[in-house]
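Below is one structure, written out as structure tokens; the observations come after it.
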Amino acid sequence: TSVFTQQNFLINDKYGFNIGLNSSYIDAKIKNPLVINPATDTRSDDYSVWLPSLQAGLLYKPSQFTTLYTNYDRSYAINTGGFADVLTWGRGNQLDPLSFRSLSILREVGVKSELIPDKLFVTFAGYRQERDTPPDNLGQIARLVVKGLESSIRFQATDRLSGGANASRTDARFTNLAYPGGFFSAAGFVADNATVFGDGNRFSALPNPGATRAPGIP
């Protein structure tokens, strides 16, 4: 169950402020559907949690055709991980609370401009995002930090013809890797070097502990 509101304000077509607030309530229950031996196979658990989120942004228009902006987002969300967004058993055959309170923080600054009104458009932005990865079987969480730059240019020649180009640079790294013994592996050990299985950092050994570049992110 979620409640969300967003409010946007623009003053004299030069200064702007927006804020979004979200609050979600999660009530999760899991139960073993196959009971052969009631003494050992009867398992069930439940977990409830509130997840708050905040989004805020500022903008400034030095001219009619140029906008400078900055955004901030701090959100908690479900992160059950695995190969599907489904409930799974955690440590001690219980639901893992870490799977229900995954923190993501995003900071972004940028500029958008029409160098030639209605003809030539350019954008440039830089961002940094930090987010929790799903917990492993020992309750350990590796944090992913992504830093990036993005730019684009577009020329609107006619109402039906336009051309453009964009360029981006992304640097993604895992931090707080808690080897050895954990189920999590930051690198895959199949041909694409991105498909990750729980190899306990054995097939594709990475520094222990510390930060390492994240595979599979362009």
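Details
- Taken over the stretch 96-117, the criterion of being open to solvent by 30 Å² or more (accessible area, probe 1.4 Å), in a strand (DSSP E or B) and in contact with a Gly (Cβ under 8 Å, 6 or more places away or on another chain) is satisfied by E108, V109.
- Residue list for the stretch 154-175, restricted to those being open to solvent by less than 80 Å² (accessible area, probe 1.4 Å) and of a type in the set (A, V, I, L, M, F, W, C): A157, A165, A167, A172, F174
- Long-range neighbours under 6 Å by Cβ, at least six apart or interchain, first residue within 16 Å of Q94 (Cα to Cα) within the stretch 32-48, second open to solvent by less than 80 Å² (accessible area, probe 1.4 Å) and of a type in the set (A, V, I, L, M, F, W, C): D41/V35; T42/V35; D45/I30; D45/L95; Y47/A28; Y47/L95
- Candidates A39, A56, filtered to the one that is exposed (fewer than 14 other Cβ atoms within 10 Å of the Cβ), small (G, A, S) and out of contact with any helix residue (DSSP H, G or I) (no Cβ under 7 Å at 6 or more places or on another chain): A39
- Residue, modelled with the lowest pLDDT, within the stretch 64-92, restricted to residues that are part of a strand (DSSP E or B), open to solvent by less than 70 Å² (accessible area, probe 1.4 Å) and not β-branched (V, I, T): A77
- Scanning the stretch 84-132 for residues that are charged (D, E, K, R) and within 30 Å of F155 (Cα to Cα) gives R107, E108, K112, E114, D118, K119, R128.
- Residue in the stretch 125-143 that is among the hydroxyl-bearing types (S, T, Y), at pLDDT 95 or above and surrounded by fewer than 16 Cβ atoms within 10 Å (Cβ to Cβ) present: no
- Qualifying residue in the stretch 42-51 (condition: charged (D, E, K, R), in contact with a strand residue (DSSP E or B) (Cβ under 8 Å, 6 or more places away or on another chain), exposed (fewer than 12 other Cβ atoms within 10 Å of the Cβ) and not in a loop (DSSP other than H, G, I, E, B)): yes
- Inter-residue pairs, beta-carbon under 6 Å, first within 15 Å of D73 (Cα to Cα) and in the stretch 1-21, second open to solvent by 80 Å² or more (accessible area, probe 1.4 Å) and in a strand (DSSP E or B), 6+ apart: T5/L21; F17/F9; F17/L58; N18/N8; I19/Q7; G20/Q6
The values are calculated or read from the model by the stated rules, or taken from the named source; none is laboratory data. The structure presented is a predicted model; accordingly, all values stated were derived computationally and were not measured. A quick note on method: Cβ atoms are made from the backbone with ideal geometry, for glycine too, and the neighbour counts reach across all protein chains shown. For the accessible areas, the whole protein counts, side chains as well, though only heavy atoms, and no ligand, DNA or RNA atoms are used. Shrake-Rupley method; radii C 1.70, N 1.55, O 1.52, S 1.80 Å.
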